[in-house]
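Have a look at the structure below before the remarks.
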Amino acid sequence: MADRLMLLDSASLYFRAFYGVPDSVTAPDGRPINAVRGLLDMIAKLVDAYEPSHLVACWDDDWRPQWRVDLLPSYKTHRVAEPAVSGADVEVVPDPLQAQVPVIREALGVLGIPIVGAADHEADDVIGTLATRSDIPVDVVTGDRDLIQLVDDARGIRVVYTGRGMSNLDVLTDDAVIAKYAVRPDQYADFATMRGDASDGLPGVAGVGDKTAATLLAAHGDLDGIVAAAERGDGMTAGVRAKITAAAEYLAVAPRVVNVVRDLPLAPVDGRIRPVDQDALDELATRWGLGASATRAAASLGKRV
């Protein structure tokens, strides 16, 4: 079996599981367990489909790092719960999901899937770092389009995009990104900066959408080239130049927010899939009523040992 590392954008997946599995799925004590079971089913499906030899759950130790907010105050503002607790921004998470997060972490531990996070950084940054330093091909599983910037055929890095649901997974390679967005993966962060993204509180450049952003990148290579052309007054219409110039303050800081960090000082992590402790799995499954979901996840992992 060829080595391949699978990196899970954990929160992206368990949010999708929570909203995709009915809350009538409960533990023996009546507490909802839909996100846990849904995530286990996702893991089984992903491992069967893409056959990783290594698997790591990447975690948001800080879902909205202050350094990103300092650069762009609108960053994820709409997701902040009010009031803030102890001066820290708290993400809006439904109570029934929040209660399941410790169980998710326990389940991942029993399955032998390491959880990796980093202080003051998001899971995206952990994924960016682990993918960059990996010496084997990588599949990044996420519903976050920002991570498309990591796609790199030369290094075997793909994004398994869950945005259309687990039954309609998109495997994004260089050609797939170009076909979908008309930009190369290494241009995607600049593309997203200009286009904006309401889900992350990125305003973008007013009046510049997907088509204009892609056209500008094709003509000028990257955001620095676009800004330089606007300053020179050549290579674009007066109207587009005015839009770029008006957004100069935003464009000076947004790339640092949008670009994932690829050089975090993470400790080495051994994500190789190993046999699951069946007794521990049985105890967990019985205590939380995880049923066939736990069995399927363990069976799928067992095929990769």
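Just so you know, in region 111-133 the residues that are among the charged types (D, E, K, R) and outside any helix (DSSP H, G or I) include one that is surrounded by the fewest Cβ atoms within 10 Å (Cβ to Cβ), and it is 120. For region 267-281, the condition of being assigned by TED's automatic domain parsing to the domain that holds residue 68, without any contact (Cβ under 8 Å) to a residue 24 or more places away in the chain and over 30 Å from residue 23 (Cβ atoms) holds for at least one residue.
Of the strands (runs of 3 or more DSSP E) entirely within region 134-232, those holding at least 3 residues that are touching a residue at least 12 places away in the same chain (Cβ under 8 Å) occupy 138-142, 157-161.
None of 160, 177, 103, 138 is touching a helix residue (DSSP H, G or I) at 6+ places or on another chain (Cβ under 7 Å) and over 26 Å from residue 3 (Cβ atoms) except 103.
For region 273-303, a residue qualifies if it is of a type in the set (Gly, Ala, Ser) and surrounded by 15 or more Cβ atoms within 10 Å (Cβ to Cβ), and the qualifying residues are 285, 289, 293, 294, 297, 298, 300. Just one of the listed residues (77, 129, 26) is of a type in the set (S, T, N, Q), closer than 22 Å to residue 257 by Cβ and touching a helix residue (DSSP H, G or I) at 6+ places or on another chain (Cβ under 9 Å), and it is 77. Only one entry in 270, 197, 210, 190 is surrounded by fewer than 18 Cβ atoms within 10 Å (Cβ to Cβ), at pLDDT 95 or above and either under 30 Å from residue 26 (Cα atoms) or of a type outside the set (Val, Ile, Thr) (or both), namely 210. Within region 89-106, the set of residues being touching a residue at least 12 places away in the same chain (Cβ under 8 Å), closer than 23 Å to residue 291 by Cβ and within 20 Å of the chain's Cα centre (by Cα) comprises 94, 97, 100, 101, 104. Residue count for region 55-83, restricted to those that are modelled with pLDDT of 95 or more, outside any loop (DSSP other than H, G, I, E, B) and under 30 Å from residue 290 (Cβ atoms): 4. Against the test of being modelled with pLDDT of 95 or more and of a type in the set (Ser, Thr, Tyr), the options 10, 86 yield a single qualifying residue, 10.
The values are calculated or read from the model by the stated rules, or taken from the named source; none is laboratory data. Because the structure is a prediction, the values reported are computed rather than measured. All Cβ positions, glycine included, derive from the backbone under ideal geometry; neighbour counts span all protein chains shown.
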